[in-house]
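Peer 1: Below you'll find the structure I mean.
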Amino acid sequence: MPLVLFFLLTLMGLRAPSPLRVEHLTCEDLVDPLGLGEARPRLSWQLVASGRDVMQTAYEIRAAATKEGLKKKGTLLWSSGKVAGDRSVYVPYGGPAPATGERVWWQVRVWDNHGHHSPWSAPAWWEAGVMDTSFWKASWIEAEVEEDLTRSQPAHMFRKDFSLPRRVVRARAYVTAHGLYELCLNGRKAGDDLFTPGWTSYHHRLQYQVYDVTSLLHQGENTVAALVGDGWYRGNFPFKGNRNTYGQHLALLVQLEILLDDGTTRRIVTDGTWRSSNEGPVRASDIYNGETWDGRRDDPSWKRPGYDDSSWHGVRVKHYPYGVLTATEGLPVRRVEEIVPVKIWVSEAGDTLVDMGQNMVGWVRLKARGPAGTTIVLRHGEVLDRDGNLYTLNLRSARQTDTVILAGRDEETFEPHFTFHGFRYVEVHGYPGPLTPDRITGIVIHSAFRPAGHFACSDTLVNRLQHNIVWGMKGNFLDVPTDCPQRDERLGWTGDAQVFAPTACFLGQVAPFYRKWMKDFIVDQQKEGQVPYVIPDVLSKNGKGASAAAGWADAAVIIPWHLYVSYGDRKILEQQYGSMKRWVEYQRRRAGDSYLWNKDFTFGDWLAFNTQRSDYPGATTDKDFICQVYFARSTLLLSRAAAVLGKKEDAAFYRDLYDKVREAFLREFVTPNGRLSPNTQTAYVQALDLGLLPGELRDTAAARLAADVRRFGHLTTGFLGAYLINPVLSDHGYHDLACQLLMRKKYPSWLYPVTKGATTIWERWDGIRPDGSFQDPGMNSFNHYAYGAIGDWLYRYVAGINPDERQPGYKHILLHPRPAKPLSWAEASHETPYGRVALRWEQHDSTMTLTATIPCNTTATLILPGAAGKKVMCDGEPVEKSKGWKYGVTGKEMVLELGSGVYRFEY
Ligand code: BGC
């Protein structure tokens, strides 16, 4: 190309694209976040380039207050200058901290090790939330209405009219509530988020949301309106008969900041001039019990100007402290997908039943036409009983019932506001006319994580299991990680979350979700360091009790560590370090000089296989043993976290403590021949996984474990053993046995529920027994993700994608597929912070084909199983001839050190 033409095209921006691009810019793992609480957030980006071995060698970030401002040096807020290095994830913003509501635009360009440099990326932005509590000028308001605080109450409505003299250039709403709220401006809902303000330990941390409401306001008359329901704050929660957990009164806080086209500003705040009512259509709304909607009371004009609110009540102004208000950090709950029913029929008992074909969480959207006062009742349940009727005993006291009363208009559409149901089936009573699939739609809601993981293999039942794991996650990611979404529980059980977190980190981009939840560990942790069973803690009394259970409380340490390994998020360790340490210190004090911690109540290996066979007793693992292994685990991880954070003394201290805890463990629970007491699968699995046994006993212990599995013919593990048994077997030479456990179809096994038609993971191995009867209704959830933790093994071992904790966040990736019969192929992919990693293996006769995709700016170690001594081809060339990467042989395997790119091996 002639030089002149080159420059001309460059000037016009038409030059052939550079082979290197920067994409997927995120700020604190979020795309263009509005209302960020961080003054100096961390920025991440991904390199996109074809070819192999692409590493970033330098980057440059620039930031400005406007998009246009990015282009001129003089208008930049900050420029990093060209910074040498390969850091592209969690790079701290170094410019001046934006003030409340200020936006920072930023973009980045990079250089690579092939002499390329990228163009500037497309600009991204974040907007600062409330950076200073003096910002708050709004007052808390409560409705001046009479209420019966002993039972579910109608939702409260708040409204205020105001006028704006000129065109609106920019408007933001800052909003929160005691209860759950929906904000509307001129009749239109602000944002798509549901269950706002989310669930946190409200007395310590109450999130506010920020909405861009520019397009909802206009010159002239406007109305701001809000509907507030009971929610977690004061509804029936937790368990049966409890109410008013956080307080008795619903309240609202709204501050609108409006910029007009003449440069002047207007501020509209909640204050004594607002009007309130509890006479609206939402007559009752409870998280567990459902919503009652009376369409006859629905006059949507209350949300718009010109509505006569003279019959409404005033409001009480309250002075609740602003100090607990905190920016929204998690992932908003949203409507994520819609499901068309697979079947609608009339049961033996004469009820109309609707099958969504999927155990899901959310609600139904119902369309109906009928005379005013027609009452339609929607009962939700997960399964049908043997006679084909809706089974609801396992919901315990949760009614999961929506009641819709028609207004008698043309066509009415109902969706509840402040409740959610865990269900596959809906029983519909009183529907006027025939109910057809176009009249009833399943609305699936959950914390809107970006999907990040895929797994598939040659076995359809295993693929179904994977489907069920994904749906178990969807169903239990509702602002906090919950145990179950259907019965009168739905709590942030820490043990369940702890075992499932690695699987969740593979399946979704969930760093912000957990970062938010972990902050509630800090504030809800008890005085001496005990970690509550559930977070947010709604079970302890006055900050006492319901805490310190081994395997549950340890979530305080284990989850931050997983987040660090999965995302390379060092800040989560900084944020949680104090809490992690307080928990280990609690155990240390309780253990005293014996270094045996066994003084607190624990749930043990929850829901383990309960053997009644007298010839093989002993599937139940001693609680003392469980306590000790988790004491050891938390101590070890704490020492590692300390090392990562450069806290050398702590690292050494807790490493030493770990040695003592381990010695105490060996003295107490291990015979010199490597037999464990208790002699159970969970015991071996826990000890081996953590490396608690001395080297010479490991093989014997693993052999005992394998023998026990063979003796039973199946696993006997509960919550605390099941997530580890397969990785431990695979790591100790029994991968085939692990695969047999996976493939087993009879109870107890992962596939047994699949053969029974499960579409989610069950709480119990036999929620529905082989004879079709149900397990104990007192505890029989059909959507409990804990046993879905097998996912982690499927992705890391069967497919073979592993993070490397020495270079966390997949900066270095360990690719170690482990083919095993009867699978002939398996594949997985994961959206790492650097981009997509993928691995697929396929074995036909004696030929293995393996394709690996490694993202830019990372390196990977790939282990080719069984390749030693074979002729290994890479993209048609013998491996020995492929230049630029190292390879070697260990045992039966070939080990390759690879850079980014796509590689296809055959041998
Ligand atoms: C929950 C759990 C939880 C357990 C504690 C149950 O009611 O559903 O999954 O971990 O209690 O043992």
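Peer 1: Name the chymotrypsin sites (Phe, Trp or Tyr not before Pro) in region 597-700 that are in a loop by DSSP and that have at most 16 other C-beta atoms within 10 Å, would you?
Peer 2: In loop regions of region 597-700 (DSSP not H, G, I, E or B), the sparsely surrounded chymotrypsin sites (Phe, Trp or Tyr not before Pro) are F601.
Peer 1: Further question: Ratio of region 180-246's C-alpha Rg to 2.2 N^0.38 Å, to two decimals?
Peer 2: 1.36
Peer 1: Tell me which GluC sites (Glu not before Pro) from region 404-459 have a DSSP coil assignment and no more than 12 other beta carbons within 10 Å of their own.
Peer 2: E411
Peer 1: In which sequence would L180, L896 go, from the one with the fewest C-beta neighbours within 10 Å to the one with the most?
Peer 2: Ascending Cβ contact count within 10 Å gives the list L896, L180.
Peer 1: Could you tell me whether region 759-825 comes out rounded, prolate or oblate from its Cα gyration tensor? Rule is a ≥ b ≥ c as square roots of the eigenvalues, rounded for a/c under 1.5, then prolate if a/b exceeds b/c, otherwise oblate.
Peer 2: Note, shape of region 759-825 comes out oblate.
Peer 1: For the pairs K516/K541; K527/K648; K647/K811; K870/K892; K240/K544, note any where the Cα-Cα span goes beyond 19 Å.
Peer 2: From the list (K516/K541; K527/K648; K647/K811; K870/K892; K240/K544), the Cα-Cα distance tops 19 Å for K516/K541; K527/K648; K647/K811; K240/K544.
Peer 1: Right, here's the next one. For region 802-865, count all C-alpha to C-alpha pairs, find those more than 18 Å apart, and express that count as a whole percent of the total.
Peer 2: The answer is 35 percent, as a whole percent.
Peer 1: If the viscosity is 1.567 mPa s and the temperature 4 °C, what Stokes-Einstein diffusion coefficient in µm²/s follows for region 156-306 when Rh is the Kirkwood radius over Cα pairs?
Peer 2: 80 µm²/s
Peer 1: Provide, for q = 0.22 Å⁻¹, the log10 of I(q)/I(0) from a solvent-free Debye sum over equal Cα point scatterers in region 645-753.
Peer 2: The computed values of log10 I(q)/I(0) come out as -1.12.
Peer 1: Oh, and also: When only alpha-carbon atoms are used, what values of Rg and Dmax, in angstrom, describe region 772-900?
Peer 2: Every Cα atom of region 772-900 included, Rg and Dmax give 18.0, 64 Å.
Peer 1: What FRET efficiency, computed as 1/(1 + (r/R0)^6) with R0 = 30 Å and r the Cβ-Cβ distance, is obtained for V340 and R243, rounded to the nearest 0.05?
Peer 2: Working from the Cβ atoms, E equals 0.25.
Peer 1: Please compute, for the alpha-carbon atoms of region 846-907, the extent along each of the three principal axes and give them in descending order in Å.
Peer 2: 32, 22, 19
Peer 1: While we're looking at this one, here's another question. With N set to the residue count of region 510-571, report its C-alpha Rg divided by 2.2 N^0.38 Å to two decimal places.
Peer 2: 1.14
Peer 1: Could you calculate, for region 369-503, the ratio of the Cα radius of gyration to the Kirkwood radius, expressed as Rg to Rh?
Peer 2: We get a ratio of 1.03 for region 369-503.
Peer 1: Another one. From Cα coordinates alone, what are the radius of gyration and Dmax values for region 282-340 in angstrom?
Peer 2: 17.6, 47
Peer 1: Which whole-Hz couplings ³J(HN,Hα) result when phi for each residue of region 76-84 is put into the Karplus expression 6.51 cos²θ - 1.76 cosθ + 1.60, θ = phi - 60°, listed in order with x for Gly and Pro?
Peer 2: 6, 7, 6, 9, 6, x, 7, 10, 6
Peer 1: Let me ask something else. Using +1 at the Cβ of each Lys and Arg and -1 at the Cβ of each Asp and Glu in region 135-264, identify which of Y202, L164, V175 lies farthest towards the dipole's positive end.
Peer 2: Comparing the listed Cα positions along the dipole, Y202 ranks first.
Peer 1: Now for a different question. Taking region 406-515, which trypsin sites (Lys or Arg not before Pro) meet the DSSP loop condition and have no more than 15 other C-beta atoms within 10 Å?
Peer 2: R409
Peer 1: Still on this structure, I have one more. Given just the C-alpha atoms of region 14-86, how large is their convex hull per residue in cubic angstrom?
Peer 2: Cα convex hull per residue, to the nearest whole number: 133 Å³.
Peer 1: What nm distance separates the two modelled labels at E23 and H117, each placed 7 Å from Cα along Cα→Cβ?
Peer 2: That separation, rounded to one decimal, is 2.3 nm.
Peer 1: Let's see if you can work this out: charge +1 on each Lys and Arg Cβ, -1 on each Asp and Glu Cβ, no other charges. What is the dipole magnitude of the chain about its Cα centre, in debye to the nearest 20?
Peer 2: For this selection, approximately 1600 debye.
Peer 1: For a bin width of 10 Å, list the pair-distance distribution of region 39-78 built from all Cα-Cα distances, rounded to whole %.
Peer 2: 22, 37, 30, 11
Peer 1: Let me ask something else. According to the square roots a ≥ b ≥ c of the eigenvalues of the Cα gyration tensor, what is the shape class of the chain, taking rounded for a/c under 1.5, prolate for a/b larger than b/c otherwise, and oblate for the remainder?
Peer 2: oblate
Peer 1: Between region 267-327 and region 621-656, how far is it from one alpha carbon centroid to the other, in angstrom?
Peer 2: 50 Å
Peer 1: Ok, one more. For region 363-450, what's the relative contact order in percent, using C-alpha pairs closer than 8 Å and at least 6 residues apart?
Peer 2: 47 percent
Peer 1: Per-residue ellipticity at 222 nm for the chain, helices alone: DSSP H runs ≥ 4 residues times -39500 (n - 2.57), over residue total, nearest 500 deg cm²/dmol?
Peer 2: That comes out to -7000 deg cm²/dmol.
Peer 1: Neighbouring Cβ atoms within 10 Å as the yardstick, rank L164, L693 fewest first.
Peer 2: Fewest to most other Cβ atoms nearby, the residues stand as L164, L693.
Peer 1: Evaluate the Kirkwood expression for the hydrodynamic radius of region 423-490, namely the inverse of the mean inverse distance over all pairs of different C-alpha atoms, and round to one decimal in Å.
Peer 2: Result for region 423-490, one decimal place: 14.9 Å.
Every read-out reported here was derived from the displayed coordinates using simple, explicitly stated rules and does not represent laboratory data. From a predicted model like this one, the values you see are computed outputs, not experimental measurements. In this analysis, Cβ positions are derived from the backbone assuming ideal geometry, glycine residues included, and neighbour counts consider all displayed protein chains.
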